[in-house]
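Read-outs throughout are calculated quantities, based only on the coordinates presented, and are distinct from any laboratory measurement. All values reported here derive from a predicted model rather than from experimental measurement. Note that we place each Cβ from the backbone using ideal geometry, even for glycine, and neighbour counts take in every protein chain shown.
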Amino acid sequence: MHPTERQQLDPEAQKARKRAWDRAAQRKLRQNTKNRLQHLENTINTLKNNNKDEIIARLMNENEGLRKEIQRLQDIISGTIATLQNAGSAISSASEGGHVPIRIQSSSSEDEAGIPMSSEALQTLTNEPRQRVSVEPQQVPLNEPPQTLSSELHHEIPNEPQETVLSETEHMVRSPTTESPLPPDLHQILSASSWEVDAWETANQIFGGIAHVDVMETLIADTIDMGPLIKGIHLGWNSLSQQQKRNPSVRILQQMDESIWASMPKTPRAAIACKSYMLLRYLFNPDSKTLNDMPEWEQPSHLQRYTRHPIAISFFPWPALRERLILNQELYLGTCDFFEEIISNCVFTWPYDFEDTFTIDDGYPNEYRVNPLFVEYVRDLGNWTMAPSFFAKFPELLSDIFIPRPQPPNGLGADQMTLVS
């Protein structure tokens, strides 16, 4: 419906449409509740039918395995930190003495040689700006078992490129420029002008927090719907309850909204948050259900699964663009300019007001329910595109991004679509 036509509707017609959306949202909520109760009943029946001692023993074995894995990872981290500290101390002491032995690995031999370097030369090297390194993607066979991130820390850098297969969570890594783990309370150190630092690196740090979420927290990542996300964007994230804020998906999306998406209008912010929430559900609990709940175009492609890349790439809507960025990371993501253009020119088609993206139950004025129609628009890739000014700067990306059809569907004004000739 065109906005001018919508304004001419009488209040009763608007209320009728709102009630229809409320009924649809309530039906969906009741169905979700019914499914949840059925799942709990099945779990209870399973526990009743099985031997409790066997279940307890199995859980204790799993807990012991997790404890050993945590200890192993802690040992790896401690060893890595000690190595880096020793290397830093050696460089500092050697530079004060005038020479420092630099160990260089030859590409043709496994022998290492110590080459002395004067303190003047060392000072010259350390004063030069750091350069970002572009890593070419590797061909990965499908018949090799996955390798873990921790196992790679035990090996020297090989002379020849290694072919690796990445697991579900390993296929997305932080930006190559990220040198430290996610701070424990990132939102307190991110300033309002986060664009003054590298916005792309900031996005990867925030999404990289997935790897630092406690195992028990991942179990509650799927316990909310998209309503609190809409409420946080509408009224501010402080309007959410403490229980909602503890949800890891909400916490990550709040940081992204406050640091990256804040300059955008509320409707595309809500659409991006809902789309990202579906992907986060899968990353926290990768199974067939969370995978199938995502739109097909948001599901990780073969290249995403088997090629290392910054995690934020996986949150772009368009599959072809994601693959191009994975193969050409340094070209597009060497600086934050490309990412800023994405944020500034992103267009999401929604023919109604932002207030129509959610409904509120009369008996629960503080509870937001996402409009099922809005979710359908989010799941349609045809509603995602970029402004013409973006394609003027990056014309080669025109074929990677779905362009809306010239003829708008019924009820959608042409002025609400971004058309690229």
- Task: Given a cut-off of 22 Å, name the pairs among Lys245/Lys275; Lys18/Lys231; Lys18/Lys245; Lys231/Lys289 whose C-alpha atoms lie farther apart than that in the structure shown.
- Result: Lys18/Lys245; Lys231/Lys289
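For a protection proxy built on the mean count of beta-carbon atoms within 10 angstrom, sort 356-365, 391-400 highest first, please. It would help to have the intermediate numbers written out before the result.
Working: 356-365: 14.9, 391-400: 13.3.
Averaged packing, sorted descending, gives the order 356-365, 391-400.
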- Item | Extreme residue, positive dipole direction of segment 290-399, given options Thr385, Val370, Ser314 (C-beta unit charges) | Ser314
- Task: Could you work out how far apart the two model spin labels at Glu367 and Glu296 are, taking each label as a point 7 Å from the Cα in the direction of the beta carbon, and quote it in nm?
- Result: 3.5 nm
- Message: Below 23 Å, Cα to Cα, which lysines can Lys48 reach? Residues fewer than 8 away in the same chain don't count.
- Response: Lys34
- Query: Under a point spin-label approximation (7 Å from Cα along Cα-to-Cβ), what is the Ser344-Asn86 distance to one decimal in nm?
  - Reply: 4.9 nm
- When the charge dipole of segment 189-288 is computed with +1 at the Cβ of Lys and Arg and -1 at the Cβ of Asp and Glu, the Cα pointing farthest to the positive end, of Asn247, Gly227, Ala262, is that of Gly227
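Taking 0.36 nm per residue of separation and subtracting the Cα-Cα distance, what length does fully extending Thr46 through Ala20 add? Let's see the in-between values first.
Details: separation 26, 0.36 × 26 = 9.36 nm, distance 3.92 nm.
That pair, Thr46 and Ala20, stretches by 5.4 nm at full extension.
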- So, with points 7 Å from each Cα along the Cβ direction, the Ala13-Ser263 label distance in nm works out to 3.9 nm
